[in-house]
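Worksheet for the structure shown next.
Here, each number is a calculation from the coordinates, and none is a lab measurement. Remember, it's a predicted structure, so these values are computed and weren't measured experimentally. Cβ: placed from backbone, ideal geometry, glycine included. Neighbour counts: every protein chain shown.
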């Protein structure tokens, strides 16, 4: 079965715009049941028919796709809690400071509170979908969770504390390149929709076995089929390719110019060092000549 490639921002947004599918997808990653989900996207997606010259876009806006959610979760005890979920998808290896900037905005946003007086901060969940490896492990999904312990004894305490949860966050890191043939559980099987080893001759399309997905996850497959059938989505995927290629070329040219300037600066520094060395040699020779003159004058006397 052929589906649109969700590595593309426009396809991923098309998929996540369906609240039911977004709840299923996010619930699978965090391992908790989301019963309500409010979607507030701050990402930017290219639109077909827009003149490139009319858009002020940077490489950062192209390679990072960001979504914010407010999720009501039903816990195992039957209670409910509200958390803020920040989902960031990156096509290329990017500056970590960009992720920190978005996370900092989440912490500062007064809207990320769980009461009307805005005095109780929501717990923050961070999900990173990366089309590159972070160099830590070949695991497709990494979970970063907080632990609380006594510094002296090492005794661990329950981290489900308002102070701890308000000032620390839990993260899930999906390394798309490590998915490959790993299908060890339902989550890895679901995330195989991002596995670029399934790409066809057309990089916009993946070929998958729909029968390998659970009944709940098949709705996501159907949504990606719908994206594949949309001419608008296909046009926007091509636009992403065009923009990314153009921006990467510009980025390479800028880097090339920076390298040339750096080499010139290095050459100038070496030249200055050589001049300083020559000046030092001349100064020493002048001292030698002055000493010889003094000795000659003494001999004449």
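When shorter helices are ignored and each DSSP H run of at least 4 residues is given -39500 (n - 2.57), the per-residue value for the chain at 222 nm works out to -14500 deg cm²/dmol. Provide, for q = 0.08, 0.10, 0.16 Å⁻¹, the log10 of I(q)/I(0) from a solvent-free Debye sum over equal Cα point scatterers in the chain. With one equal scatterer per Cα and no solvent, log10 I(q)/I(0) is -0.49, -0.67, -1.38. Peptides 17-26, 4-13 ordered by packing proxy, namely the average of other Cβ atoms within 10 Å per residue, highest first: 4-13, 17-26. Annotation: for a label point projected 7 angstrom from Cα along Cα→Cβ of residue 183, residues of the range 1-24 with backbone N closer than 14 Å are 1. Remark on the range 96-219: hydrodynamic radius 17.6 angstrom, per the Kirkwood mean of 1/r across alpha carbon pairs.
If both residues of a DSSP beta bridge must be in the chain, then about 70% of such bridges are antiparallel.
The label point for residue 203 and the one for residue 265, both projected 7 Å from the Cα toward the Cβ, are 3.3 nm apart.
Counting only alpha carbon atoms, the long axis of helix 218-229 and the longest principal axis of the chain meet at about 70°.
Counting 0.36 nm for each residue step from residue 231 to residue 150 and taking away their Cα separation leaves a gain of 23.3 nm.
For the chain, the relative contact order is 22 percent, taking Cα pairs closer than 8 Å that sit 6 or more residues apart in sequence and dividing their mean separation by the residue count.
The angle between the Cα long axis of helix 231-300 and the main principal axis of the chain comes to about 20°, on a 0 to 90 degree scale.
Classified by the C-alpha gyration tensor, the range 167-301 has a prolate form. Its axis ratio a/c, with a ≥ b ≥ c, is 1.5 or above, and a/b is larger than b/c. Each residue, residue 36 and residue 288, gets one label point 7 Å from its Cα in the Cβ direction; the gap between the two is 9.0 nm.
With R₀ fixed at 45 Å, the C-beta to C-beta distance from residue 157 to residue 102 puts the FRET efficiency at about 0.90. Note on the range 194-242: Kirkwood hydrodynamic radius from all Cα pairs is 11.9 Å, rounded to one decimal.
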